[in-house]
Structures are given as structure tokens and as C-alpha cells.
1. Working only within region A:27-45, note down all residues that are of a type in the set (A, V, I, L, M, F, W, C) and not in a helix (DSSP H, G or I).
2. Could you tell me whether any residue of region A:96-109 is in contact with a Lys or Arg (Cβ under 7 Å, 6 or more places away or on another chain), closer than 24 Å to A:Tyr78 by Cβ and more than 16 Å from DNA strand C (Cβ to nearest atom)?
3. Regarding B:Leu48, is this residue open to solvent by 70 Å² or more (accessible area, probe 1.4 Å) and modelled with pLDDT of 95 or more?
4. Considering each residue of region A:33-67, count those that are within 13 Å of DNA strand D (Cβ to nearest atom) and of a type outside the set (Ser, Thr, Tyr), and give that number.
5. Of the conditions (1) open to solvent by 20 Å² or more (accessible area, probe 1.4 Å); (2) under 17 Å from B:Asp106 (Cα atoms), B:Tyr10 satisfies every one except a single condition; which number is it?
6. State which residue is nearest to ligand 1 (Cβ to nearest atom) when the search covers only region A:48-64 and only residues that are assigned to a loop (DSSP other than H, G, I, E, B) and of a type outside the set (S, T, N, Q).
7. Take the residues in region B:106-152 that are within 16 Å of DNA strand D (Cβ to nearest atom), in a strand (DSSP E or B) and farther than 24 Å from A:Cys159 by Cα, then tell me which one is farthest from the other protein chains (Cβ to nearest Cβ).
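The values are calculated or read from the model by the stated rules, or taken from the named source; none is laboratory data. The model shown is predicted, which means the values in this text are computed figures rather than measured ones. Using ideal geometry, Cβ is built from the backbone for each residue, glycine included, and neighbour counts are taken over all protein chains shown. In case anyone asks, the SASA skips ligands and DNA or RNA and just uses the protein heavy atoms, side chains included. Shrake-Rupley method; radii C 1.70, N 1.55, O 1.52, S 1.80 Å.
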Number of protein chains: 2
Amino acid sequence: MTSQTELNHYSSEHNHNQCVSLALSTAQSLCNERGVLLTTIRYQVLTLIWESHKAVKAYELLDRLRPLQAAAKPATIYRALDFLIEQGLIHRVESLNAFVGCRCSDQQHEQLLLICKLCEQVDERPAPEVMSALLDESKQAGFMIHSKAIEIHGICIHCRTK
Amino acid sequence: MTSQTELNHYSSEHNHNQCVSLALSTAQSLCNERGVLLTTIRYQVLTLIWESHKAVKAYELLDRLRPLQAAAKPATIYRALDFLIEQGLIHRVESLNAFVGCRCSDQQHEQLLLICKLCEQVDERPAPEVMSALLDESKQAGFMIHSKAIEIHGICIHCRTK
DNA sequence: AGGTAATTGTTATATTATTACATCAGAACT
DNA sequence: AGTTCTGATGTAATAATATAACAATTACCT
Ligand SMILES: [Zn+2]
Ligand SMILES: [Zn+2]
Ligand SMILES: [Zn+2]
Ligand SMILES: [Zn+2]
């Protein structure tokens, strides 16, 4: 039996409320373990990001945060984003200047991102074969990896078949 | 015997003048074949990008173009960059908002980019195993690929060993 | 030469992100 | 309780990146 939160978010059976709960509680646990503060603002921004599986822009987040934090300014958002990225709770989508919740923040964080041009949803995949091929290639090049951005743009299965 | 332009640009034997000549003449040929114009401005911008193997920012290019084109404005640069990207003559490095010459514009254009944090040089590699793993993974996900950005940040072999 | 499409000039503005410094809140110590 | 330190937030200004809109010019085709 598969838990609903493990289902791909394209699936009609995907229970997003459960998906968000899991993300938020995982975030809270990780921050506790690490002795860092998931403050109100940070939690609110993380919640806003998790409203969907779409990548969200910083200034869009700012607009959506303002009803909750009247004083919110660009720095408010960027600080929260910096924190969430540092803690591996969200991904920055480099090719969109946007941000998306990470569904595997307790495991390997860097993933392959499949970004749909139609629905704008981002599917993150561990893609072990890709990662190991990247390691091999880097090793051959004598290159020491610090971080990876592997972003594929195209059309997701849901948008193709509907 | 290996031609000098085929040598990795980290090598001390790398002849960059030759490297640039090849890039510019390839660009010219490709544009001829395709019936598109490599205008003066576009050629100048391409030449500026090829001054090194580092990724260059748009506004830095603008500053360097102005001595040659007094009227140059942001749109001037961004139009030239758009053209060069469309023609596969340069790469946009998404994770840096910067641009780098493409050394394989006559072949497969999308490549793995190894980006050094120290010398800022970008090494592009066809990385066939990585590409085929990406294809497999996308196929499994039912995802139709339009474009790829595969960008690895770290320390290059030259910076590690010097 | 005249008509057309592509390119460039020009101005303004939108979007994304950072810096610097002041203030505040909580923990740790005296 | 007061003092000090640290991390977080408030606030204002500005930097850096990118696009839109429309006019003028140039290249190209008949
Ligand atoms: Zn979900
Ligand atoms: Zn889609
Ligand atoms: Zn070179
Ligand atoms: Zn280097």
C-alpha cells in the first residue's frame, strides 16, 4: 500500500493537504534537530511556497506574505528564502528565478528538476543514474563538485495526455 | 597529434587566439548556412564573450561594447545575446545570469557545464552518459524534454592543483 | 526605385536581489 | 534585575538584471 503523499503530484489521488503537512512537520523536526529557528516568518513563507507544486517568484511570495506580515519588504522574503535554501527545505529553480518546496529535505537534497512549461509544476527526482553519471564525468574532469543545478524544461505527462 | 584548440582551456598549451578564431569562423559559417545575419553588433558581442572562457554578465558586456558602439543600451546587448543563444553560439549560464561561448555550436549544443568558483571558467562537456541517463529518467517520468540546463559548481582541476 | 522584413535606436519601466544600519527579542551570564 | 551577546527583523535605499513599446534605419527582393 502506497501512502498518498508518495504519489506523484500529477496523480488525481495526490492529497496535497497531507503533502503540505508532511513537508511542514519535516521542516520543523529538521530545524529542531539542527538547533536553528523556524520562525513565524520563515514558516509562513514555507507554507506559501507549499501552496502548490509550482515554482513561485520572490515578489509573488512577498505579495502573498503581506496580508500576514504588514511590514514585509524584499529583504524579509529573501532572508527567509536564504534560510530555507540553506536548510534544504526548498529548491531555487535557477532557470526561472523561482522557488519550490523540497519533498526530500531529509534525504539527498540535490535533485533533477522536471519543469513543465504548461502547468509550471516542478517534479523533483533523485535520478540516481543521472547523479552517478555526473559524478563519473566530474571525476574524469578532475572537477570537485560543490553544488548542482539540473533543470529540464518540457511538458509533463499530465499536460501531454490531457 | 592533437590540435591546440581541442585542448582543454585549462591546459597551458591552450592557444586561445586559435580557439577564438575557430569559434568566430564557425559562427560565421553557421549563420551563412542558415541565412541569418551575423551583424557587426552581434559579431562584436560574440567576440567580447570569447575574450575568455569565463561566464560574462550582460551589463559587463555592455560596458565593454560601448567603446565600439557608443549608442549601446541594455536592449542592444540583450538582443545580441538572444540571437547568439538562438543560434546556439553561446550558452546562458542560468545559475549565474551570465553567458559563455559555446565550443561545439556545430554539434549537439546542450551540454554539461562545469563552473569553477575560483577561476570562473566554464568547461562544457557533451557528457553522453549523463545525457542518456537524463533521457531515460525523463522517459520514465513521461516527460517531453524541450531544453536542459545542467550546471555543476565547484573547483576545476587547474584551481585544485595549483 | 519601391515594398517588405529584419535590425537597430531610444526611452522608459519592470523584475529580481542586495546592502547598510537601526531595532528588537531571547539566551547566557553576573 | 541588569548586562551583554547573538540572531532575527524593520526599514530605506539602491544595485543588478531584463523587457516593452515605438520610431528610425538598413538589408533584401522584386
Ligand atoms: Zn502536493
Ligand atoms: Zn504540466
Ligand atoms: Zn580558448
Ligand atoms: Zn578554476
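1. Passing the criteria: A:Val36, A:Leu37, A:Leu38.
2. Scanning region A:96-109 turns up no residue that is in contact with a Lys or Arg (Cβ under 7 Å, 6 or more places away or on another chain), closer than 24 Å to A:Tyr78 by Cβ and more than 16 Å from DNA strand C (Cβ to nearest atom).
3. No: the conditions fail for B:Leu48.
4. Residues of region A:33-67 that are within 13 Å of DNA strand D (Cβ to nearest atom), as a first pass: A:34-46, A:57-59, A:62, A:65-66.
Cutting the leftovers down to of a type outside the set (Ser, Thr, Tyr) gives us A:34-38, A:41-42, A:44-46, A:57-58, A:62, A:65-66.
The total comes to 15.
5. Failing condition for B:Tyr10: (2).
6. A:His53
7. B:Val122
Conditions tested, residue by residue: (1) crowded, with 21+ Cβ neighbours inside 10 Å; (2) within 16 Å of ligand 1 (Cβ to nearest atom).
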residue	(1), (2)
A:Glu33	no, no
A:Ile41	no, no
A:Pro74	no, no
A:His91	yes, yes
A:Asp123	yes, yes
A:Phe143	yes, no
